[in-house]
1. Applying a 10 Å radius around every beta-carbon, put 105-117, 315-327 in order of their mean neighbour count, most first.
2. Taking a threshold of 25 Å on the Cα-Cα distance, which of the pairs 30/194; 225/381; 88/525; 98/496; 232/496 fall above it?
3. Quick one: go through the range 353-397 and flag any residue whose amide nitrogen is under 12 Å from the point 7 Å out along the Cα-to-Cβ line of residue 240.
4. Could you list the residues of the range 326-361 with an amide nitrogen less than 18 Å from a label point located 7 Å from the Cα of residue 22 in the Cα-to-C-beta direction?
5. Run the dipole for the range 212-301 about the Cα centre, Lys and Arg Cβ at +1, Asp and Glu Cβ at -1, nothing else charged, and hand back the magnitude in debye, nearest 20.
6. How many nm separate the modelled label positions at residue 287 and residue 410, each set 7 Å beyond the Cα in the direction of the Cβ?
7. Can you give the Kirkwood hydrodynamic radius for the range 3-204, in Å, rounded to one decimal and based on Cα pairs?
8. Quick one: which of 180-189, 134-143 comes out on top by average Cβ neighbours within 10 Å, and what's the full order, highest first?
Amino acid sequence: MTFEELGLKSEVLKSLQELGFEAPTPIQEKAIPYLLGENSDFVGLAQTGTGKTAAFGLPLINNIENHAKTPQGLVICPTRELCLQIAKDLETYSKHLKVAVVAVYGGTDIRKQMTDIKRGASIIVATPGRLMDLINRRAISLNEIEYVVLDEADEMLNMGFKEDIDAILETTPDTKNVWLFSATMPAEVARIAKTYMTDPLEVSIGHKNQSNENIDHIYYVVKEKDRYAGVKRLIDFNPEIYGLIFCRTRQETATVAEKLGKEGYSAEPLHGDLSQVQRDRVMDRFRKKDIQILVATDVAARGLDIDNITHVINYNLPDDIENYTHRSGRTARAGRKGESLVLINTRESGKIRAIEKQMRTTFTLGTVPNAEEICEIQLMKLINKVIATDVREKDIEKFMPTIMAEFESMSKEEAIKHFVSTEFNRFIEYYERAGDLNATAGKGDDRGMDDRSKRRDRKGDETESGKTRFFVSIGRRDGLNPGGLLRLVCDATGLKSANVGRIDIMTSYSFFEADNEYADNILKKVNGADYEGHSVSIEITKAKSGGGGGNRGGGGGGRRDGGSFGGKFQGSRDRAPRSSDGGNRREGGFSRDRDGGRDRDGGRDRDAGRDRGTRSDAGSREDRPRREGSFNRDAAPRREGGSSAGGSRPRSFGKPFNKK
Ligand code: AMP
């Protein structure tokens, strides 16, 4: 179907053409013709990424009278960011029409917004709190409203906007059409639909990846400090992986890729700090399978359209649930099967629940593979590789008499054992020391328990580990309630309500918790924010280190995973095994650095000169047992500032990656 067929005005079609929108998305196809008609109450179950903004935005600007000075359209959404985004989209779509779009949201000067409205607004895009403020000040007329769009209705209700939404819907004319969009349909959203709509058309659109049943979503619970080691085990357990590892920040992306690279995996980073040329080059190599694993940020991986990715590994969960859908959708394309693996720390199971809810999918709790499982997989891989190796008869022929003479005293079985052991011993040695990385979610076993009930179960001043507890200078006396606080925080920071933890509202002040990683953002943005005329100040009362504080779970106790195997077994050309056995033996013949084979035995020389005992990198903070002798340290220079595990851990071996 084309946009022309949907019945939009030529001016609108022109902007779509300029935007490069070629064909409507499924929700646009269903919604637009209906919303262009009269009596168009509508419920759309859809989330960001489906094209829902245009699904309501295009008919809205199409239906609004040109030059209207009094608002005819009203879009209500939960956060300032979304508000600005929608307003911007509407302006783009209506470039060739005379439609004035005004965005009103909290946290900024209301007077400027009042002036903007006075100057004439055809469409108001608003967050509920600020809109109520404007209504109460009689600064806005809603008498001529014909369309009310409720975007992310479930999120608005989560944030405690229920009363505001009811009030807004009561205030607007009975003749209006209500177009409601929501990712989920909890009872409260259904109530709004029932109360304010007449016979609405209901359209449910999964995200284009959402209904992909070929994706297995599996999560693993590890201690925060074991995240990196966990990822390596997942890679080792899936030697043929052709995968994407997603990190949240450029820094994390660079660090993880670098560590993996140093440990011999075929991994490269893809993030915004790279130039376009560098990015293109990395993508190209990944596409050609010269690189086995791409470590990427969400933004950088956008537009990466590759069909045969076997695994997506979420090093961390994204801040925005929507990004998880994008991430996981990189695998299982074109009818193939794929796995989306997620590492969470012991406090993050609530995030899994939130994603399950939003994507309407189910995650399986996986077990980080243990030593034996990985050894078995890698052993089989080695054997298969040995069997599949081309024998260069002509080249080896002349050595055969000597070789046969050397092996004369061995049986076939013994000879095979010896060959296999030349590679396999290293696995065994390494994994003899590797502990169990599986941890248990939550303080108790919190699987199946959602975050909020968990919050309630905690006592008074106990802060969840991995969370920061904030003091907020306003409380019940100032009209604050939990929804209001969520609103305040989410509106100021752009976080979702699921990112905020326990909330305690006291008479004249309050407390709340959020994951440590959001602490800076929250401090910066919420401090000085306005809550219904009160200037808010905020301080950290308590921050615990991320996830590692517990003394249960993690099976391995204090033991550290000491690295992984990478491609020791591969004899790979492109990521050749480096000598890794702690000086017992070397494999100079294959050894080459990651820059392409200069310095064949460089690893050895550099290792030899390295001071094993002094570790100034971040990894050394961990109380890892000494592993002297078992493995060489990285051949490459030490990393500083690496996040958690592994910066100085024994290196693993070049990761196999046989191009298919
Ligand atoms: P939304 O679900 O509204 O957040 O939209 C997701 C993204 O898809 C936005 O960047 C839109 O600009 C884009 N988009 C929406 N509709 C189309 C379309 N028909 N063709 C191409 N891109 C679209």
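1. Details: 105-117: 16.3, 315-327: 21.3.
Going from most to least packed, we get 315-327, 105-117.
2. From 30/194; 225/381; 88/525; 98/496; 232/496, over 25 Å: 225/381; 98/496; 232/496.
3. 381, 384-385, by backbone N distance to the label point.
4. Answer for this model: 334.
5. 220
6. So the label points at residue 287 and residue 410 sit 4.6 nm apart.
7. Details: mean 1/r = 0.0602 Å⁻¹.
Mean inverse Cα-Cα distance, inverted, gives 16.6 Å.
8. 180-189, 134-143
Every number in this text was worked out from the coordinates using simple rules, so none of it is lab data. Since this is a predicted model, take the numbers as computed values, not measurements. Positions of Cβ are backbone-derived with ideal geometry, glycine not excepted, and every protein chain shown enters the neighbour counts.
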